[in-house]
Amino acid sequence: MMRLIAASMADLMPRGADLPGCDDCNPRAFLLRLRRESDPLFFAGLVLGTLFYQLAPLLTLWIPLPAVLLPRELRERHAQRLAAHPSYLVRQAVTLVRLSAGLCWGMDPAVRARFGLAAYGPDPGTFRTS
């Protein structure tokens, strides 16, 4: 499941001309940490959002294949159409996947360096709710 989530995150936050994509930011390590530290309900929403994203090419492209089996160009079109879909519920279905991709991408030291920001230090572990 982690590979499927990472693939979906990479589709929603692809590599740019001079910026790395989510796929370049060690999504597996991020997802393992996220599963360990997040609320189980959040992670369940991430799994459900990923499953929706993978099955939604039928809705956006009229192709009955999971997104992971599509060529790159069609995955890009699928991600764009989901983000701009007229239905709020469809757009919201992948919000946790997009949010997680943004968190993974934004905390990567190489991405932060591109924006002139210092890398995050180690987690002090001082604020925990449980």
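No value in this document is a laboratory result; all are computed from the given coordinates. Keep in mind it's a predicted model, so treat the numbers as computed, not measured. As a convention, Cβ positions derive from the backbone with ideal geometry for all residues, glycine included, and neighbour counts pool all protein chains shown.
Find the all-direction average of the projected area of the Cα convex hull for the chain, expressing the result in square nanometres with one decimal place. Before the final figure, lay out each step's value.
Working: hull surface 35.3 nm².
With every direction weighted equally, the projected area is 8.8 nm².
Kyte-Doolittle cut-off -1.0, length cut-off 20 Å along the helix's own axis using Cα: show which whole DSSP H helices in the chain pass.
Details: long enough: 40-55 (23 Å, 1.59).
TM-like helix candidates: 40-55.
Pairs of Cα atoms under 8 Å, at least six residues apart: use those to get the relative contact order of the chain, whole percent.
Numbers: 126 pairs, mean separation 37.9, N = 130.
Relative contact order for the chain comes out at 29 percent.
Could you point to the residue in Ala7, Leu41, Tyr120 farthest towards the positive end of the chain's charge dipole, with +1 and -1 charges on the Cβ of Lys/Arg and Asp/Glu respectively?
Positive-most Cα among the choices belongs to Leu41.
Note the full-extension length gain between Arg81 and Met2 as 0.36 nm times their separation in residues minus their Cα-Cα distance, in nm to one decimal. Before the final figure, lay out the partial values.
Numbers: separation 79, 0.36 × 79 = 28.44 nm, distance 2.38 nm.
Between Arg81 and Met2, full extension yields an extra 26.1 nm.
Once R0 is set to 22 Å, what does the formula 1/(1 + (r/R0)^6) return for the Cβ-Cβ distance between Phe42 and Asp123, expressed as a FRET efficiency to the nearest 0.05? Write out the running numbers ahead of the final one.
Numbers: r = 17 Å, r/R0 = 0.79.
So, using R0 = 22 Å, E works out to roughly 0.80.
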